[in-house]
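> Right, I'll just put the structure down here and ask away after.
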Amino acid sequence: EPEVTQTPSHQVTQMGQEVILRCVPISNHLYFYWYRQILGQKVEFLVSFYNNEISEKSEIFDDQFSVERPDGSNFTLKIRSTKLEDSAMYFCASSYQGYEQYFGPGTRLTVT
Amino acid sequence: AQSVAQPEDQVNVAEGNPLTVKCTYSVSGNPYLFWYVQYPNRGLQFLLKYITGDNLVKGSYGFEAEFNKSQTSFHLKKPSALVSDSALYFCAVRDRDTGRRALTFGSGTRLQVQP
């Protein structure tokens, strides 16, 4: 059964550094998403991407964040200058028609 | 604004007994509703959805959920719990009428099934 994959599973970075989180969505899906979950808190929506552009973003998704689909299979989330409060589990998701979203296993980002 | 409430942090049930995990939602329009399950060190796994039509929806692993518009609820149920059902369960909502695709999640309910 097709799955969403994410790399790395765990990323440790220093405050102020740039990080790129990578995702490979399910191959025939059209909509792509990033969510995050700070430890002990709810899963929060960050951004959705369709037809090579951002279709929706939350207040969390400020100028420090960007997304890209560079080659038709990968979907990346970049954080330009990480802060301590960016430490969280980041989930990538994809969907075909926009109903149920299928999530990857997550990347745990630790900012020190 | 849309929101989801899962009033129980944890639900304990004995194996073989029926289980219910509660969820209530708030949206300005009509909802799309979802249940996801998370096992340790794994992502969110889709269980079932309510889009429209029959209020009782069936999903994976014997789970079902009942949509109740008047009570704005979407409780997850299973007739006979298994120890392997022990996990973290999330309810999520999306407003059908706005066209937004962002899911809003509840805080999660930990289900513990005792042998």
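> Scanning region A:27-52 for residues that are more than 14 Å from A:PHE91 (Cβ to Cβ) and over 13 Å from the mean Cα position of the chain (by Cα), which turns out surrounded by the most Cβ atoms within 10 Å (Cβ to Cβ)?
My answer is A:HIS29.
> Would you be able to tell me the number of residues in region A:12-50 that are more than 16 Å from A:VAL67 (Cβ to Cβ) and in contact with a Phe, Trp or Tyr (Cβ under 9 Å, 6 or more places away or on another chain)?
Our first condition is that a residue be more than 16 Å from A:VAL67 (Cβ to Cβ); within region A:12-50, this holds for A:12-17, A:26-28, A:37-43.
If we keep only those that are in contact with a Phe, Trp or Tyr (Cβ under 9 Å, 6 or more places away or on another chain) as well, we get A:26, A:28, A:37, A:42-43.
Qualifying residue count for the region: 5.
> For B:SER60, which of the numbered conditions (1) in contact (Cβ under 8 Å) with a residue 60 or more places away in the chain; (2) surrounded by fewer than 19 Cβ atoms within 10 Å (Cβ to Cβ) fails to hold?
Every listed condition holds for B:SER60 apart from (1).
> Looking only at region A:90-112, which residues are hydrophobic (A, V, I, L, M, F, W, C) and either surrounded by fewer than 19 Cβ atoms within 10 Å (Cβ to Cβ) or under 17 Å from A:VAL67 (Cβ atoms) (or both)?
The answer is A:PHE91, A:CYS92, A:ALA93, A:PHE103, A:LEU109.
> Can we say B:ARG42 is in contact (Cβ under 8 Å) with a residue 60 or more places away in the chain and surrounded by fewer than 20 Cβ atoms within 10 Å (Cβ to Cβ)?
So B:ARG42 fails the test.
> Out of everything in region A:1-26 that is farther than 19 Å from A:VAL111 by Cβ and part of a loop (DSSP other than H, G, I, E, B), what residue ends up being farthest from the chain's Cα centre (by Cα)?
A:GLU1
> Follow-up. What do you reckon, is B:LEU33 within 30 Å of A:ARG108 (Cβ to Cβ), touching a residue at least 40 places away in the same chain (Cβ under 8 Å), surrounded by 12 or more Cβ atoms within 10 Å (Cβ to Cβ) and of a type in the set (A, V, I, L, M, F, W, C)?
Taking the combined requirement at face value, the residue satisfies it.
Yes/no matrix, rows are residues, columns are (1) touching a Gly at 6+ places or on another chain (Cβ under 9 Å); (2) at positive phi:
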| residue | (1), (2) |
| --- | --- |
| B:PHE46 | yes, no |
| B:GLY53 | no, yes |
| B:GLY59 | no, no |
| B:GLU66 | no, no |
| B:SER84 | no, no |
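> Moving to a separate point now. Check region A:6-28 and report whether any residue there is closer than 16 Å to B:ALA102 by Cα and either touching a strand residue (DSSP E or B) at 6+ places or on another chain (Cβ under 6 Å) or touching a residue at least 60 places away in the same chain (Cβ under 8 Å) (or both).
no
Computed from the coordinates by the stated procedures, all read-outs in this text should not be read as laboratory data. Please read all numbers here as calculations on a predicted model, not as lab measurements. Counting neighbours? That spans all protein chains shown, and the Cβs are built from the backbone with ideal geometry, glycine included.
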